[in-house]
1. Tell me which residues, restricted to the range 79-89, are within 15 Å of Val8 (Cβ to Cβ) and open to solvent by 10 Å² or more (accessible area, probe 1.4 Å).
2. Between residues in the range 132-158 that are under 22 Å from Val89 (Cα atoms) and residues that are small (Gly, Ala, Ser), which pairs lie under 6 Å by C-beta distance while being six or more apart or on different chains?
3. Are there any pairs with C-beta distances below 6 angstrom linking a residue in the range 1-25 that is open to solvent by 10 Å² or more (accessible area, probe 1.4 Å) to a residue that is assigned to a strand (DSSP E or B), with the two at least 6 apart or on different chains, and if so which?
4. Could you grab me the full set of residues in the range 97-126 that are open to solvent by 50 Å² or more (accessible area, probe 1.4 Å) and either touching an Asp or Glu at 6+ places or on another chain (Cβ under 7 Å) or among the polar types (S, T, N, Q) (or both)?
5. For the range 45-52, state whether one or more residues are open to solvent by less than 50 Å² (accessible area, probe 1.4 Å), over 26 Å from Val102 (Cα atoms), of a type in the set (Val, Ile, Thr) and part of a loop (DSSP other than H, G, I, E, B).
6. Which is surrounded by fewer than 22 Cβ atoms within 10 Å (Cβ to Cβ) and farther than 22 Å from Asp87 by Cα, of Ser164, Ser130?
7. Anything in the range 156-177 that is over 12 Å from Ser63 (Cβ atoms) and out of contact with any helix residue (DSSP H, G or I) (no Cβ under 6 Å at 6 or more places or on another chain)? List them, or say none.
8. Could you pull out the residue among Met276, Met266, Met193 that is farther than 30 Å from Ile22 by Cα, touching a Ser or Thr at 6+ places or on another chain (Cβ under 9 Å) and open to solvent by less than 60 Å² (accessible area, probe 1.4 Å)?
Amino acid sequence: MRKVAGVVVLYNPIESEVLQNIKSYVNELDVIYCIDNSDEENNFFSEIEKCVYIPNHKNIGLSKALALGCDKALKEGATVLVTLDQDTVFEKKCISTLIKYVEENNDAGVVSPNVKRIIRINGKRKVIDSALYSSSIEEVGYVITSGCVFTAETYDLTGGFDESLFIGQIDQDFCCSVRKINKKVLRLGNVFMYQEMGNGKKHNLFGRTVYAPNLALFRYYYIFRNERYLRKKWGTKYNICKVSLYKYVAVVMLFEKEKSKKLEAMFNGYKDGKKMIERISK
């Protein structure tokens, strides 16, 4: 018997927004595990009967939180899993369409919807109606973790999420694991979720548009640490997911503030990536 479980990872959530987001898809799921990485409890889900709230009382990282939720879902009989960010919103029937596709196509390891961006204007959210990707069904290198749908069998065969990653490149790693078991990573272009995409800013460089991500120091640290680790872990199979570290360095040097601190975070992350490699090489 089918049982669909959602896993939402929370971190210092805005109550009204998170409740609104969950209500956009709650009717398409049987249960939602809300894994909270905040220091303080945020148990405001009592009005949503399907929510199971699990506080960690600290930030254990995105990868561990996802693994915690997925493992609990499997123990309680879930047959299909949906992973979500706290700021993800879905159009109606989106998740149902993804579930139907992954159940009817044995070669589909993980399926994800097309994306429309959410931006903030004076603190209020606004959806940009143009989609980021084409309207076709595409096999892709990787999809972001939020909005991913996969069967319990696929999750079990992949071994789940690499909990050493903490945050960053979790999606690339999981999609590599999906391909390792000879299944496909697919994006369905005709169904949509709405997603906030961070604090990136556009810049013009010699007539070309360049995006500066303007990430926090710890995010640059983990990007460089995890990238070095995953290139070693997967070898050439990771090329389809590879992040350009040189591009991050160039963009920070050209367009972002706190250049020296961010470059130092990148260097420290890359250095610590070697320590991760040493652990898996033993």
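1. Of everything in the range 79-89, those that are within 15 Å of Val8 (Cβ to Cβ) and open to solvent by 10 Å² or more (accessible area, probe 1.4 Å) turn out to be Asp85, Gln86, Asp87, Val89.
2. The qualifying pairs are Tyr133/Gly189; Ser134/Gly189; Ser135/Gly189; Ser136/Gly189; Val143/Ser112; Gly147/Ser112; Cys148/Ser112.
3. Cβ pairs passing all conditions: Val9/Ile35; Ser24/Val89; Ser24/Phe90.
4. Within the range 97-126, Thr97, Asn106, Asn122 meet the criteria.
5. Within the range 45-52, one or more residues are open to solvent by less than 50 Å² (accessible area, probe 1.4 Å), over 26 Å from Val102 (Cα atoms), of a type in the set (Val, Ile, Thr) and part of a loop (DSSP other than H, G, I, E, B).
6. On the way: Ser130 fails: farther than 22 Å from Asp87 by Cα.
Within the list Ser164, Ser130, the selection yields Ser164.
7. Of everything in the range 156-177, those that are over 12 Å from Ser63 (Cβ atoms) and out of contact with any helix residue (DSSP H, G or I) (no Cβ under 6 Å at 6 or more places or on another chain) turn out to be Asp156, Leu157, Gly159, Cys175.
8. Details: Met266 fails: touching a Ser or Thr at 6+ places or on another chain (Cβ under 9 Å); Met193 fails: farther than 30 Å from Ile22 by Cα.
One residue alone meets the criteria, Met276.
The values are calculated or read from the model by the stated rules, or taken from the named source; none is laboratory data. It should be emphasised that the depicted structure is a prediction, and the values quoted were computed from it without experimental measurement. Glycine gets a Cβ as well: all are built from the backbone with ideal geometry, and neighbour counts include every protein chain shown. Accessible surface is based on the protein model in full, side chains and every heavy atom, while ligands, DNA and RNA are left aside. Shrake-Rupley method; radii C 1.70, N 1.55, O 1.52, S 1.80 Å.
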